[in-house]
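Engineer: Once you've had a glance at the structure underneath, I'll fire off some questions.
The values are calculated or read from the model by the stated rules, or taken from the named source; none is laboratory data. None of the values given here were measured: they were computed from a predicted structure. A quick note on method: Cβ atoms are made from the backbone with ideal geometry, for glycine too, and the neighbour counts reach across all protein chains shown. We work out accessible area using only protein heavy atoms, side chains counted, and drop any ligands, DNA or RNA first. Shrake-Rupley method; radii C 1.70, N 1.55, O 1.52, S 1.80 Å.
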Amino acid sequence: MRIGTFVLAAQFPGQGPGEALHRAVRSTEAAEESGLDSVWLAEHHFVPYGVCPSATTLAALLLGRTRRIRVGTAVSVLPNHHPVALAEQAALLHLTSGGRFSLGVGRGGPWVDLEVFGGGLDAYENGFPEALGLVLDWLRKARVAGRGERFGFREVAVVPRADELLEGPADAVPGASGPGASVPGASGPEVVVACTSPKSVRLAARQALPMLLGMHCGDEEKAEMVALWRTAAREADHPPEVVEGAAHVSAGVAQIADGARDATEMLVKAMPGWLRQGLDAHVTVDGRHRVMRDPVAYTELLCGLHPVGPPQLAADRLAATAERTGITRFALLVEGTGDLAATEENVRRLGADVLPLLT
């Protein structure tokens, strides 16, 4: 079981973006101190739902401040990036961190970001497979040309190569000496795909890429997506060990307290205000109608699905998800109170009180 945190850098009512970002940095340091496996960083634009506009930039900072923990993007939104530029950043972070970086990518939403960054609605609706393919080519090949509908360019050299070993001893590589870290090797950085539909599940499966599944999904829905991924991966002729060994990631919410009611009350008191403020700020690029979740009902749903409560209940829910879905990697939102001290304590208890129950 590999337990990590999911960092949104959420700006709660009455807070500024600097406070949210400081909490994101500090919670990552606390996660490493507490023995957690990983930190996954979200990326948003123009909304207080999350105030980190570049997950790779924040990942670079956090990789420099830590020595052992894995840092990933959850996710870098491909329609807002040139895939070569994003892949170059991924290669750089992979090589300089001793292999501790994971690149999570996703399609994002039909937001005004598409207008601001010039991708346009077509990049969101149709361009994701081409962009993902270009990212993978860049991370796996020595030379790459753009031959798609959106990206066309002559063949160029890939520098630096993500799959090249660094010169020098392993202990000269930042992070390479810590448990769970590795010197960069032939595989390059891990790539994970956020999947919200059968279409994206099949796309990830064809490339044998693990999925990141959202915190709004229950175990039954996640199990169905894992089953679909395995079917599509077999149809793509991936070997059984690849199909069965895919390290999918389940996003969720965690709040540890002495009682289940106490933990739920902490989140129901704070999260709806953040959700209402953050989700209301999203603007669609084409004026399409948006259906908004009720913030209180959504918070209560998340509390019922995920490890929210005393340590044994939290461990039982994580174990149940693993048994029902086959997923043993978790990215858990720990900042649901909006308070720095409470977030640090939440992370500490995940490491000290919950992890031992899962070994």
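Engineer: Which far-off residues, 5 or more places away or on another chain, put their amide H under 5 Å from the one on residue 332, with H placed in the peptide plane?
Structural biologist: Answer set, sorted by chain and number: 4, 5, 6, 252.
Engineer: So how strong a dipole does the chain carry about its Cα centre when Lys and Arg Cβ are +1 and Asp and Glu Cβ are -1, to the nearest 20 debye?
Structural biologist: Around 440 debye, computed over the chain.
Engineer: Do you know the relative contact order of the chain, to the nearest whole percent, from alpha carbon pairs under 8 angstrom that are 6+ apart?
Structural biologist: 21
Engineer: Below 30 Å, Cα to Cα, which lysines can residue 222 reach? Residues fewer than 8 away in the same chain don't count.
Structural biologist: Excluding near neighbours in sequence, the set is 199, 269.
Engineer: Something else about it: May I ask you to evaluate 6.51 cos²θ - 1.76 cosθ + 1.60, the Karplus curve with θ = phi - 60°, for each residue of the stretch 45-51 and list the ³J(HN,Hα) values in order in whole Hz, giving x for glycine and proline?
Structural biologist: Working through the residues one at a time gives 10, 6, 9, x, 3, x, 9 Hz.
Engineer: Determine Rg/Rh for the chain; Rg is computed over alpha-carbon atoms and Rh is the Kirkwood hydrodynamic estimate from the same atoms.
Structural biologist: Value, to two decimals: 0.95.
Engineer: If you take the square roots of the eigenvalues of the alpha-carbon gyration tensor of the stretch 57-104 and sort them as a ≥ b ≥ c, do you get rounded (a/c under 1.5), prolate (a/b over b/c) or oblate?
Structural biologist: Note, shape of the stretch 57-104 comes out prolate.
Engineer: Could you work out the per residue convex hull volume over the alpha carbons of the stretch 88-135, in cubic angstrom?
Structural biologist: With only Cα atoms used, the stretch 88-135 gives 89 Å³ per residue.
Engineer: Okay, next question. Any chance you could get the radius of gyration and Dmax over the Cα atoms of the stretch 1-98, in Å?
Structural biologist: 13.3, 39
Engineer: In units of 2.2 N^0.38 Å, what is the alpha-carbon radius of gyration of the stretch 254-359?
Structural biologist: 1.19
Engineer: What is the spin-label model distance, in nm, from residue 26 to residue 61 if the labels are put 7 Å beyond Cα along the C-beta direction?
Structural biologist: About 1.4 nm separates the two model spin labels.
Engineer: Place a point 7 Å from Cα of residue 262 in the direction of its Cβ. Which residues in the stretch 312-344 have their backbone N less than 19 Å from it?
Structural biologist: 312-317, 334-344
Engineer: Can I ask one more? Relative to the Cα centre, what is the charge dipole magnitude of the stretch 290-359, using +1 at the beta carbon of each Lys and Arg, -1 at the beta carbon of each Asp and Glu, and rounding to the nearest 20 debye?
Structural biologist: 280
Engineer: Summing +1 for each Lys or Arg and -1 for each Asp or Glu, what net charge is found among the other residues whose Cβ lies under 11 Å from the Cβ of residue 75?
Structural biologist: Cβ neighbours under 11 Å give a net charge of 0.
Engineer: Using a Förster radius of 35 Å, what is the FRET efficiency between residue 289 and residue 339 based on their Cβ-Cβ separation? Nearest 0.05, please.
Structural biologist: Efficiency, rounded to the nearest 0.05: 0.50.
Engineer: With angles folded into 0 to 90 degrees, how steeply does helix 128-140 sit against the dominant principal axis of the chain? Use alpha carbons for both and round to 10.
Structural biologist: Computed tilt is about 70 degrees.
Engineer: Report in % the part of the accessible area of the chain that belongs to carbon and sulfur, leaving out ligands and nucleic acids; probe 1.4 Å.
Structural biologist: Result for the chain: 52 percent of the exposed heavy-atom area is carbon or sulfur.
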